[in-house]
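Student: This is the structure I want to talk about, given as structure tokens.
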Amino acid sequence: MFELSQLRCFVAVAEELHFGRAAGRLHLTQPPVSRQIQVLERVLDVALLNRTSRAVRLTPAGRRFLVEARRILRLADEAAATARRVAAGQAGSVTLGFTAAAAYRTLPDLVRAARARLPEAEILLKEMVSAAQAEALGAKGIDLGLMRPPLPPAADGSLRIARETLVAALPDDHPLAAGDAVAAAAVAAEPLIAYAPDEARYFHDLVADYFSGADLAPRAVQHLAQIHTILSLVRSGLGVALVPESAASLQVAGVTFRALVPAPRRPVELHLVWRRGNDNPLIPILVELAASMPELN
């Protein structure tokens, strides 16, 4: 099989139609250029050039081969440039898992910053609950995850990028929506749209911890996993809910958000998680971008 160096010599001679000028263009002397083309012709078993003491001309086969040689060299140069960009973290792809709630504010901010910093990189997004992200991280199905605590054993690298509080979500026409804040006891007296303990364990435990700390036991009328679904039921008047304050950015018509009194002891946290054994060069760049983002609190 021919080599790229032989193709480069042939293209230079074919374009210059002069061995001396081609050698100068390649920063070589003339004999090595002649030898490279002779080897190329032997490998192909075809004459590419007609040489006389006065001129160099391409044969019909040489004219056709010139087109293909240029294409092969262009592809080789592009492949080398792409490899260098990937190694430098300027190109390539990275798979990012995220929870639905992370898409309210944190995910758009991170993706916007990544696209500005890495215009050639491909960011593949997968919406997954935290438990599914933990499994995918260990199975190498995702490179990074935006997930809630507790962090999985496979996550030996993490960065907390958001910290906020729980607030009460109330129908606009609810009496409790009239004030600036609502008491925990008043919320506990209302039907509660709660979180499913299996699919939304983190939020389920946060809400349970808040009410148990106030020695209250609200009556749950529904158990759901997704915050946007919970807000739609709040809007319908089915009950009230506790949600992270960033949920207000959804701007659900008919729903009012109010601070809780007393304020929750435990914040709602979101972590960017990755495996240190993953050598994807885009990971440290995304971690750096995430570290520069302001927290939500």
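Student: Which of HIS27, HIS174 comes first, and how do the rest follow, when ranked by fewest Cβ neighbours within 10 Å?
Tutor: The order, fewest Cβ neighbours first, is HIS27, HIS174.
Student: Could you give the Stokes-Einstein D for the range 253-293 in µm² per second, using the C-alpha Kirkwood radius, 20 °C, 1.002 mPa s?
Tutor: Values: Rh = 14.0 Å.
It comes out at roughly 153 µm²/s.
Student: Grab the DSSP H runs of the chain that are 4 residues or longer, score each as -39,500 (n - 2.57), total them, divide by all residues and round the 222 nm result to the nearest 500 deg cm²/dmol.
Tutor: Details: 10 runs with 122 residues, N = 297.
About -13000 deg cm²/dmol.
Student: Distance between the C-alpha centers of the range 236-297 and the range 80-145? Whole Å please.
Tutor: Cα centroid to Cα centroid, the span is 17 Å.
Student: Sorted from fewest to most neighbouring beta carbons within 10 Å, what does the list ASP209, ASP143, ASP77 look like?
Tutor: With the fewest neighbours first, ASP209, ASP143, ASP77 line up as ASP77, ASP209, ASP143.
Student: How large, in Å, is the range 4-87 by the Kirkwood hydrodynamic radius built from its alpha-carbon pairs?
Tutor: On the way: mean 1/r = 0.0748 Å⁻¹.
By the Kirkwood definition, the hydrodynamic radius is 13.4 Å.
Student: Okay, moving on. Over the alpha carbons of the range 166-266, what is the largest minus smallest coordinate on each principal axis, giving the biggest first in Å?
Tutor: Ordered largest first, the range 166-266 gives principal extents of 28, 26, 23 Å.
Student: Within the range 121-177, which trypsin sites (Lys or Arg not before Pro) sit in a loop by DSSP and count at most 15 neighbouring Cβ atoms inside 10 Å?
Tutor: Numbers: sites: LYS126, LYS140, ARG160, ARG163; in loops: LYS140.
The qualifying sites are LYS140.
Student: Return THR229, THR95, THR52 ranked ascending by Cβ neighbour count within 10 Å, so the fewest neighbours appear first. Before the final figure, lay out each step's value.
Tutor: Details: THR229 13, THR95 18, THR52 7.
Fewest-to-most Cβ neighbours within 10 Å comes out as THR52, THR229, THR95.
Student: Count the net charge of all other residues whose Cβ sits under 15 Å from the Cβ of VAL287, scoring Lys and Arg as +1 and Asp and Glu as -1.
Tutor: Values: positive: ARG117, ARG160, ARG275, ARG276; negative: ASP109, ASP143, ASP156, ASP279, GLU288.
Neighbour charge sum, excluding VAL287 itself: -1.
Student: Hey, rough spin-label estimate for ARG160 and ALA81, points 7 angstrom out along Cα→Cβ, what's it come to in nanometres?
Tutor: 4.5
Student: Work out, step by step, the length gained on full extension between LEU4 and GLU120: first 0.36 nm times the residue separation, then minus their alpha carbon distance; give nm to one decimal. Display every interim value, and only then the final one.
Tutor: Values: separation 116, 0.36 × 116 = 41.76 nm, distance 2.72 nm.
The LEU4-GLU120 span can extend by a further 39.0 nm.
Each reported figure results from applying straightforward, stated rules to the coordinates on display, with no laboratory input. Model, not experiment: these values are computed from the prediction. Backbone-built Cβ (ideal geometry, glycine too); neighbour counts: all protein chains shown.
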